[in-house]
1. Any idea how far the Cα center of segment A:158-197 sits from the one of segment B:1-68, in Å?
2. For chain B, count the residues as N, evaluate 2.2 N^0.38 Å, and divide the Cα radius of gyration by that value, please.
3. Can you give me the P(r) profile for segment A:87-146? Cα pairs, bins 10 angstrom wide beginning at 0, each as a whole percent.
4. Check which residues have an amide H placed less than 5 Å from B:A213's amide H, if you skip close sequence neighbours.
5. Once R0 is set to 56 Å, what does the formula 1/(1 + (r/R0)^6) return for the Cβ-Cβ distance between A:K65 and B:T3, expressed as a FRET efficiency to the nearest 0.05?
6. In what sequence do A:W254, B:W319 fall when counting other Cβ within 10 Å, fewest first?
7. Among B:V133, A:V249, B:V324, rank each residue by its count of other Cβ atoms within 10 Å, from fewest to most, as a rough exposure measure.
8. Restricting to chain B, what percent of DSSP beta bridges are antiparallel, rounded to 5?
Number of protein chains: 2
Amino acid sequence: MTTPAERAQLLTPAAVQAAYGLIQPYVHRTPLLTCKTLDSIASTPQSSESLVGTPFEGQTPARPKFRLFFKCENLQRIGAFKARGNHAQALALAASTLHIPAHIVMPSISTSSKIAGTRSYGAEVIFSGSTSVEREAVVAEVQAKTGAILIPPYDDFNIICGQGTTALELEAQYTEQVRSGTLDAVITPVGGGGLNSGVATFFSDKSTRVFGAEPAFEGADDCRRGLQAGERVPKVSTLTIADGLRTPVGLLNWEVISNKRKVEGVFAVTEEQIKATMRLVLERMKVVVEPSAVVGLAVCLFDEDFRKRVEQEGGETGWDVAVVFSGGNTTVEAIAKLFG
Amino acid sequence: MTTPAERAQLLTPAAVQAAYGLIQPYVHRTPLLTCKTLDSIASTPQSSESLVGTPFEGQTPARPKFRLFFKCENLQRIGAFKARGNHAQALALAASTLHIPAHIVMPSISTSSKIAGTRSYGAEVIFSGSTSVEREAVVAEVQAKTGAILIPPYDDFNIICGQGTTALELEAQYTEQVRSGTLDAVITPVGGGGLNSGVATFFSDKSTRVFGAEPAFEGADDCRRGLQAGERVPKVSTLTIADGLRTPVGLLNWEVISNKRKVEGVFAVTEEQIKATMRLVLERMKVVVEPSAVVGLAVCLFDEDFRKRVEQEGGETGWDVAVVFSGGNTTVEAIAKLFG
């Protein structure tokens, strides 16, 4: 057995490239979209009033300039980046493609569309409580009963490489669309950390900075807190509306994300900021995203520390920032519940 | 003064091409999207049970094959095809580009996002009742007071040509994407009829068939009823959820749409069918559309007369059908109201 730190050494851009060779026939090359309205909103300073009651109260609002590029993994197969490595629907799809039986353990409070989607590929769905501890107990039970092999949801070398192919594609698409220019930064949601550590792996030998974003609600920002404390937070219990981001960061993922040369920072946003951002994406970009998908954009719009950094380092030119929309698995009822 | 029938003679594909030359710098070339999930749903026969209580009860469900191409005018500037000719937000945008004052008469029950969008371009919004008669009375008042020139919403040669550029673009995009193949049909919503008659004008010298779609609620299917009766229905009073389609077809538009060689048929769908279709587009395609935008797709999914025609004429190969999504100007609150 190697340690997470030893395995993390093998996470290289070449490993992501190799994963791409394997999964390319099975995934969509999702579009990299732009939206002038959102560029303009992100590039407008927040009002001083809107900062009242936030950690940035009393500060002079930053004047960053953003050109945003949205990597639309909500338009990926099964509606999320997880088709690049795992999970639930993605695993069910992979098992059905290879004619292998699959037992999927999901929290009983999962979005109904995710449950139905998983079942529609013929997988057996077994329910568990919503914390990772409860989930892992049910997983152990299923394994004991069926002899099934465990495919972990994010804390896995291959899954990190698969999800890192998001970065490989978006960099190529950025270069196709913006002939001369550098992608200054990429920001992705952080739940278990597979997507973020995969993206950071791909960019680890390039100048593009990688950032992470989390919901703050009920301590869901375990990664940000862990970085501050210098130690991974192993347990999280939160019911943030960003339901894809309720898990703690995995061990191998932590090795990558806590490496300052790979991930420069992780930021947290409130439930209201997630909702406001989701509204903008639906109403102005006309693209359906789930709450988890927009935390990166919410950081660009609302986090004054991040915005100040863009102002200071980007100056008059500003930054070209790729924002990964991780998924779009929601229902009209869920939208109604959030905004009704 | 020429008659509508005389003016209709001048509506030619060349006139649409000329309009494109004028408006191209000011509009987006919106994407032509495909969606395998929706192809598969549209190509699955409806169940006999689902036809109970409809005009098709007791019939053997049709077995059509569809390959659908979605022309996403919901991603157009101001969120709708109207940027290609008119109206409200489009006119406000055009007036602001040319530094001309604009007075826009809108029904007081218009979607709040449409009102706010129109005002955001600096236009003055004046409210009227929701019928075309009430609207025209307020327009006359505003003209008397300000001396403003009336830009009609759809019953106008230039507006028809501008909106017909949707067809020009989608045909070019279809040819780019599908190297060998013929676009068998196009279906668009019919409100005032500008979009449909423009599209029909462009395809009038080509083999692609053009169809129209309307809501049936409270007689909103004035065009379909007019075609059946052999005479245009001049007045409509409906509060269909497809709020962009509450107006009667214009005189010049009627000349085109009632010409069987230009438009082969107009179909009507129920409010429930519009909602079910909107849900599919939001949840499965992950694209935000307003109710008016999906009536064409609803015809493909639910109208057995249309589906039988595709089965009979398309046979084993089926039909390649372009569906125009006319707009996406809705709010999360409006979605919540529809589905909450």
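1. 37 Å
2. With N residues counted in chain B, Rg over 2.2 N^0.38 Å equals 0.95.
3. Computed distribution, short to long bins: 25, 53, 22, 0.
4. B:T188, B:V190, B:F267
5. 0.50
6. Final ranking by Cβ density, sparse to dense: B:W319, A:W254.
7. The most exposed by this proxy come first: B:V133, B:V324, A:V249.
8. Roughly 10 percent of the DSSP beta bridges within chain B come out antiparallel.
No value in this document is a laboratory result; all are computed from the given coordinates. These numbers come from a predicted model, not from an experiment. Please note: Cβ atoms are built from the backbone with ideal geometry, for glycine as well, and neighbour counts cover all protein chains shown.
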